[in-house]
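Just below is one structure, and these are the notes that go with it.
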Amino acid sequence: MAEKIEVTICVNGVDQTRSVEPRTHLIDFIRDELGIKTVRSGCEHGVCGSCTVRLNGDIVRGCLVLALQADGQEVETIDGASDRGDLLELQAAFHAHNALQCGFCTSGMLLTASSLLSEKPDASRAEVREYMSGNYCRCTGYQSIVDAICEVLENRRVTASPEHSLGDTL
Ligand code: FES
Ligand code: FES
């Protein structure tokens with residue numbers, strides 16, 4: 001067994017110090033060391049997006065980042081983002097559009113969607129599909145997820161510019 005190394009990662013605003021093997025991935029640090037199970041382990045190969053978390057504000061795949069790489073950094077999971085109210089619009093839209101069933105993908109979907117809202121406020125429906133294409137869902141068929149995200153985008157545009165015509169995105 002490899003020698004363990006002490007790392008301190010600020011997770012959802014709280015410094016967490018653990019001794020881990022150098023090969024430990026961030027997702028395993030979060031799930032196994034901290035017991036935060038809302039970060040899902042799907043493919044473990046960087047494909048499905050279920051392990052999405054924020055690292056210093058940017059979304060990353062927890063299965064592709066080593067805990068050592070996050071030493072001294074700030075990590076936020078769906079729990080922290082949700083508690084801050086950061087995702088309220090998206091959560092309401094997902095609920096209204098039935099954009100989740102089993103919920104396995106949902107934490108990753110919401111964090112990725114929130115990143116989209118920040119980076120691409122003028123995204124078209126096609127661009128939403130493209131942006132979200134790295135997050136897999138086994139249940140919904142994606143339509144309702146894209147509907148929910150487009151609705152939030154549209155609502156924000158209307159709020160920012162009331163003359164913006166409804167339906168530009170939808
Ligand atoms: S578990 Fe990380 S991308 Fe699938
Ligand atoms: S809601 Fe089941 S995997 Fe997306």
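Points worth noting:
- Each Lys or Arg adds one and each Asp or Glu subtracts one; over the other residues with Cβ under 13 Å from the Cβ of Leu117, this totals -4.
- At 1.002 mPa s and 20 °C, Stokes diffusion of the chain via Kirkwood alpha-carbon radius, µm² per second: 128 µm²/s
- Exposed loop sites here mean GluC sites (Glu not before Pro) with a DSSP loop assignment and at most 15 other beta-carbon atoms within 10 Å; the chain contains its longest site-free run at 4-162.
- Charge context of Cys10, other residues only, Cβ under 13 angstrom, K/R +1, D/E -1: -2
- Positive-end extreme of charge dipole, the stretch 1-42 - chosen from Cys10, Ile27, Val39 (charges on Cβ): Val39
- With a Förster radius of 22 Å applied to the beta-carbon distance between Ser118 and Ala2, the computed FRET efficiency rounds to 0.05.
- Sorted by Cβ density within 10 Å, fewest first, the residues Cys10, Cys48: Cys10, Cys48
- Nearest-ten-degree value, helix 143-160 long axis tilted from longest Cα axis of the chain: 70 degrees
- Net charge of Cβ neighbours under 12 Å - reference Arg23; Lys, Arg +1; Asp, Glu -1: -2
- Among Met132, Met109, Met1, a tally of other beta-carbon atoms within 10 Å of each Cβ gives an order, fewest to most, of Met1, Met132, Met109.
Coordinate-derived values only; no laboratory data. Predicted model only: the values in this text are computed from it and were never measured. Neighbour counts run over all protein chains shown; Cβ positions are idealised from the backbone, glycine included.
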